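Throughout, read-outs are computed from the coordinates displayed, never taken from laboratory work. It should be emphasised that the depicted structure is a prediction, and the values quoted were computed from it without experimental measurement. Cβ placement follows ideal geometry from the backbone for every residue including glycine, while neighbour counts extend to all protein chains displayed.
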Amino acid sequence: MGDRRKIKMDGSTMVVRVISYIVVTLFALVCILPFLLMISASFSTETIINKEGFGLLPKGLTVAAYSWVFRFPKMILGSYFVTIVMTVGGTIVGLFIIAMTGYALQRQDFPFRNAISFFIYFTTLFSAGMAPTFIWVSRYLHLKGNYMAVFLQLLMTPWLIILMKNFAKSVPHEITESGKIDGAGDFKIFLSLVLPMLKPALATIGLFLALGYWNEWYNSMLYLGSAVTYKPLQYYLYGIINQASALKSSVAGANVSVTSLPTNTLKMATAVVATGPIIFLYPFVQKYFISGITTGAVKG
């Protein structure tokens, strides 16, 4: 009797697992198909794309769109360098500041934690807006035309501080007390005892920071413009698309064929160039990502 029940339970478990694997596989295919369409379109001919639409396989295999993207190799390499430096530097500095802030705000012996927490929570509900921020950054901080105007604004956000604070609550208070008994200061306790226990939160928040820096283009448009030689990657690619669209519009009325000018394929090529490198970051933080999100969201 017991063996039959065990066999029945094993059979039902197997059915549930098979259904789960099928659902996850279908969901994964739904997620990856748009990316495959993007890669295929980037290697397709503009004329065929305009006539037949997109497909999973390249139509009229060509690298014309990538030729447009990389026609000035020095500029795009410089844009990559600027974006990589800002992404790596901003992620490291931002993680350190956010981790210290979140850890300090959850400590019961920190006298100003409620007042500081109020100001952080307040900014999640109300914002000064674009115009006051632009005036503050350009006129008072004198950062217009400086990379720091973009770098500093993405360094930390209230939501990430709240997420880190909630996660830091999972660190046992006894660890801090043991460090004090051994004669360690607060900064030594944070670096040696607390920070290693925040790996899931650091990986999760670090991914958010890295994506924010990598995908940044709007602040670059507002504060950098043509003042810098090498623009961040996303803003540089945005300018390439605008140039191609403007060229196609300018020659539309002339006796020049515009169907071969890459516009749709160029958009796909720039998307591949922009998302390709950063997509390889996720596998390194995947094992910490779910743990960081769930712990930071559940704990109050």
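Things to note:
- Gain on full stretching of the segment that runs from R113 to V85 - 0.36 nm per residue minus C-alpha separation: 6.8 nm
- Degrees, to the nearest 10: 264-279 long Cα axis against longest axis of the chain: 30 degrees
- When only Cα pairs below 8 angstrom with a gap of at least 6 residues are kept, segment 66-298 shows a relative contact order of 32 percent.
- Lys pairs under 16 Å by Cα in segment 128-248, provided they are eight or more residues apart or on distinct chains: 4
- Total formal charge among the other residues, if their Cβ is under 15 angstrom from that of L95, Lys/Arg +1 and Asp/Glu -1: +2
- Approximate spin-label separation L211-M148, in nm, with each point projected 7 Å along Cα-to-Cβ: 3.0 nm
- Against the chain, whose longest principal axis is taken from its Cα atoms, helix 199-214 shows a tilt of about 30°.
- Per-residue Karplus couplings for segment 217-223, computed as 6.51 cos²θ - 1.76 cosθ + 1.60 with θ equal to phi - 60°, are listed in order as 8, 5, 5, 5, 5, 6, 10 Hz, Gly and Pro entered as x.
- Check: the chain dipole with +1 on Lys, Arg Cβ and -1 on Asp, Glu Cβ, in debye: 340 debye
- Extending 7 Å from Cα along the Cβ direction at K180 and again at N50 yields two label points whose distance is 7.2 nm.
- Options [x] -0.66, -1.12, -1.30, -1.49; [y] -0.78, -1.17, -1.27, -1.35; [z] -0.89, -1.15, -1.22, -1.28 - which one matches log10 I(q)/I(0) by the Debye sum over Cα atoms at q = 0.11, 0.14, 0.15, 0.16 Å⁻¹ as calculated here: [z]
- 3J(HN,Hα) couplings calculated from phi for segment 109-124 with the Karplus curve 6.51 cos²θ - 1.76 cosθ + 1.60 (θ = phi - 60°) are, in sequence order, 8, 8, x, 9, 5, 5, 5, 5, 4, 4, 5, 5, 5, 4, 6, 6 Hz; Gly and Pro show x.
- Helix-only mean residue ellipticity at 222 nm for the chain, each DSSP H run of n ≥ 4 adding -39500 (n - 2.57), per residue, nearest 500: -22500 deg cm²/dmol
- Extension gain for Y121 to F27 (0.36 nm times residue separation, less C-alpha to C-alpha distance): 30.3 nm.
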